[in-house]
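The values are calculated or read from the model by the stated rules, or taken from the named source; none is laboratory data. Keep in mind that what you see is a predicted model, and the values were worked out from it rather than measured. To get the accessible areas, we keep the full protein, side chains included, count just its heavy atoms, and leave off ligands, DNA and RNA. Shrake-Rupley method; radii C 1.70, N 1.55, O 1.52, S 1.80 Å.
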Amino acid sequence: MPILLALLLLQLLTTLCFSAPKPETLILPLKTQTLPQGSLPKSTNKLSFHHNVTLTISLSVGSPPQQVTMVLDTGSELSWLRCKKAPNFNLVFNPLASKSYYPVPCSSPVCRNRTRDFPIPVSCDPKKLCHSILSYADASSIEGNLARETFNLGSSAQPGTIFGCMDSGSSSNADEDSKTTGLMGMNRGSLSFVTQMGFPKFSYCISGRDSSGVLLFGEAKFDWLKPLNYTPLVHISTPLPYFDRVAYTVQLEGIRVGGKVLLLPKSVFVPDHSGAGQTMVDSGTQFTFLLGPVYTALKKEFTQQTKPVLNLLNDPNFVFQGAMDLCFQVPTNRPSLPALPTITLMFRGAEMSVSGERLLYRVPGMVRGGNQVYCFTYGNSDLLGIQASVIGHYHQQNVWMEFDLENSRVGVAEVRCELASQKLGL
């Protein structure tokens, strides 16, 4: 498990008026503070945003406000909080202590009409409250009732926000999940947090150097930010069993390793008749996972090009995080990794390049002889049992990521994210 790094928001630079038809820009500048593992700051009017295995944001919820920490997830719709203590899960929201908490009944239009994109249909519990079960690709699940509550971003409040007040579930990574209270859904669904707030777009930028970052709701207009290259979102209006219609799905058209484009047919990047095969941008996933045929071709080419400088870990029984089976041995006394070929994901209208240390990830605590073990930061979706490619936040470092809901597109531009915080005067 990597060392936990937390980023503290010092000050809101602009104000937000939720009643306005078009909300003003809300900028959340962040600075780094290294904290003991499992420790998080507690301050009513500050937001906390860090990236480790997950991206998290800290805010207050309820009346009077209770501090919560939520995973920022562009791959999910419904935001939720744990509302019941359990072994290893002490960070919870207590709805009984809040005067602004209202459960959503089954008869509500919210329950009947706005949950249509949930992977599992909602149901009616014995108290006639709207009940939801959510499941995730890592085999974790959570369930509870929908409710309305006041969410506070800094000094601004968003009353009546719909979320899930969850009271049971299972976790695939209890140690990591115990550090958060819940999840903030940020996809394009009608009940996602960004949709409910009314912002037409949002952006974030994560540093690869010192783990600082910027989270922004609204328009990003900075002289120092390069023009963004946009790729359109892929829309399929017909409901298909394996296609997530409210995800940020982009069209991957090819992959370049160094100067060589992988020889793959275009059809391997296009969703099939069942919807399987979409490519999603997901802040809730750490690494990038590609469909089997694409991953196999990438693995082969990267291995071939790095053969002179990297030694393979010849252990067929070792697969990091269940889907990353390309690993190497690097001498512990080596000061830095050797030069590696840049990997570029080629989209319609834009590209995302990953180079240097972001291509390999050191497996914590694993040593073979006098060597540390590093694994390729691209994995095989087939080994995870998911029918899609997922671009995780580890490969979004030092890229300004804009999610433009209004114009149905994702924008990218390379930027030194630690310098972005400096440019904002922090």
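Some points to look at:
- Accessible surface of region 229-424, 1.4 Å probe, proportion on carbon and sulfur as whole %: 50 percent
- Rounded to the nearest 10 Å², the accessible area of K299 at probe 1.4 Å: 60 Å²
- HN-Hα J in Hz across region 63-77 - Karplus 6.51, -1.76, 1.60, θ = phi - 60°, x for Gly and Pro: 9, x, x, 10, 6, 9, 10, 10, 6, 7, 10, 6, x, 10, 9
- Percent breakdown of C-alpha pair distances by 10 Å bin, ordered from the shortest bin, for region 229-424: 8, 34, 35, 18, 5, 0
- Per residue, the average separation of C-alpha pairs within less than 8 Å and at least 6 apart gives region 229-424 a relative contact order of 29 percent.
- Residues whose amide H lies under 5 Å from that of T25, counting only those 5 or more places away or on a different chain, are E219; hydrogens are built 1.01 Å from N in the peptide plane.
- Once you reduce region 59-83 and region 235-264 to the center of their Cα atoms, the two points are 30 Å from each other.
- Remark: accessible surface ordering of C124, C327 (largest first) is C124, C327, probe radius 1.4 Å.
- Residue-by-residue Karplus 3J(HN,Hα) for region 407-413, coefficients 6.51, -1.76, 1.60, Hz, glycine and proline x: 10, 6, 7, 10, x, 9, 7
- Restricting attention to region 204-307, lysine pairs at least eight places apart or on different chains and with alpha-carbon atoms under 28 angstrom apart total 8.
- Where region 207-289 is the region considered: accessible area per residue in Å², 1.4 Å probe: 46 Å²
- Between the alpha-carbon centres of region 347-426 and region 287-325 there is a gap of 16 Å.
- Ranking by accessible area, most exposed first, for I386, I391 with a 1.4 Å probe: I386, I391
- Here the 3J(HN,Hα) profile of region 185-193, calculated from phi with Karplus coefficients 6.51, -1.76 and 1.60 at θ = phi - 60°, is x, 10, 7, 8, x, 5, 9, 5, 4 Hz, Gly and Pro shown as x.
- Ranking by accessible area, most exposed first, for T332, T150 with a 1.4 Å probe: T332, T150
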